[in-house]
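The values are calculated or read from the model by the stated rules, or taken from the named source; none is laboratory data. Because the structure is a prediction, the values reported are computed rather than measured. All Cβ positions, even for glycine, are placed from backbone atoms using ideal geometry, and neighbour counts span all protein chains on display. When the accessible area is computed, the model is the full protein with side chains, heavy atoms only, and any ligands, DNA or RNA have been set aside. Shrake-Rupley method; radii C 1.70, N 1.55, O 1.52, S 1.80 Å.
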Amino acid sequence: MRGRGDSGWTPGSEYTPQNYATDLAGLLDELKIDRVTLIGTSMGGMISILFAGGYPHRVAKVILNDIGPDIDPKGLTRITGYVGESPSEFNNLPEVAAYYRANYPAMSNIPEADLVEQVKWSVKPADNGKLTWKMDPQIRRPPRTAARPLDLWVPFARIEAPMLVIRGAESDILAAKTVERMKSVIPHVESVEVPGVGHAPTLMEPAALTAITKFLGTG
């Protein structure tokens with residue numbers, strides 16, 4: 001996504017889920033890919049909802065990992081707090097891993113070597129020899145004015161593809177009642193709950209991996 005990883009940066013006002021979904025459409029056009037299966041975690045799930053609702057003919061299946069059209073206010077407050085107040089630099093990768101352990105509940109039990117391997121993709125060398133985020137700092141700054149909330153139920157209701165919703169049993173982002181509403185809005189929704197996990201499952205948990213394998217028909 002723009003502003004993240006090794007992608008280019010844009011003005012802060014352009015970092016919106018709607019633009020991310022448009023970027024995805026443009027990328028698929030460039031690669032000449034007509035139809036895809038989407039697996040989206042958290043923000044990636046929001047993009048998946050927007051894309052699958054806006055381009056239903058281009059999506060074969062959708063997997064949403066601990067995200068839905070509604071976000072639990074408790075989790076939103078937690079994420080807003082640590083995103084806006086996170087350190088700008090780290091001395092080494094173990095420090096980055098420690099930051100993730102403290103702020104991402106689902107990562108608290110990942111072995112150190114595995115966690116370092118994951119988080120190394122989120123940072124890059126800074127000019128002073130330390131490590132800094134690859135993410136554009138503008139994304140981490142809270143907006144000066146309150147934006148109108150994005151109603152994801154509208155594109156969600158337009159999704160035609162079969163869908164699997166994965167929820168961490170201890171998630172403070174995707175509430176169980178939201179999953180039930182998702183099932184009532186469109187009939188082609190399956191769900192699985194990963195025990196003992198908050199936001200968000202790594203998708204390597206047995207419950208998640210088994211459900212994904214079955215859903216994709218690869219088992």
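Ligands, DNA and RNA left out, the 1.4 Å accessible surface of the range 159-219 is 56% carbon and sulfur atoms. Database remark: amide H of residue 10 closer than 5 angstrom to the amide H of 3 (H placed geometrically; neighbours at sequence offset of 5 or more, or on other chains; Pro and chain starts carry no H). Protein heavy-atom accessible surface, 1.4 Å probe, per residue over the chain: 54 Å².
Between residue 123 and 134, the built amide H atoms are under 5 Å apart, and every one of these is 5 or more places off in sequence or on another chain. Applying 0.36 nm per residue to the separation of residue 141 and residue 176 and subtracting their alpha-carbon distance, the gain on full extension is 9.6 nm. Measuring r between the beta carbons of residue 16 and residue 116 and using R0 = 35 Å, the FRET efficiency lands at 0.65. Placing R0 at 30 angstrom, the Cβ-Cβ distance between residue 153 and residue 128 gives a FRET efficiency of 0.05 after rounding to 0.05. Helical content of the chain, expressed as a calculated mean residue ellipticity at 222 nm, amounts to -11500 deg cm²/dmol (DSSP H runs of 4 or more residues, -39,500 (n - 2.57) each, divided by residue number, nearest 500). Mean separation of Cα pairs under 8 Å and 6 or more residues apart, divided by the residue count, gives the chain a relative contact order of 24 percent.
Within straight-line reach of residue 74, meaning a Cα separation under 13 Å, sit the following aspartates and glutamates at least 8 residues removed in sequence or on another chain: 170, 172.
Take each peptide in 117-128, 152-163, count the other Cβ atoms within 10 Å of every residue, and average; sorted highest first, the result is 152-163, 117-128. Spin-label model, residue 6 to residue 91: label points 7 Å out along the Cα-to-beta-carbon direction sit 2.9 nm apart. Charges on Cβ only, +1 for Lys and Arg, -1 for Asp and Glu, centred on the Cα centroid of the range 1-105; of 96, 41, 15, which one is farthest towards the dipole's positive end? Ranked along the dipole, the leading option is 41. What's the FRET efficiency of residue 60 with residue 209 using the Cβ-Cβ distance as r and R₀ = 35 Å, to the nearest 0.05? The computed FRET efficiency comes out at 0.95. Each residue of the range 6-15 was assigned a 3J(HN,Hα) from its phi angle through the Karplus expression (A = 6.51, B = -1.76, C = 1.60, θ = phi - 60°), giving 9, 6, x, 9, 9, x, x, 5, 8, 7 Hz with x at Gly and Pro. Classify the range 163-213 from the C-alpha gyration tensor, please: rounded if a/c falls under 1.5, else prolate or oblate depending on whether a/b exceeds b/c. In terms of gyration-tensor shape, oblate.
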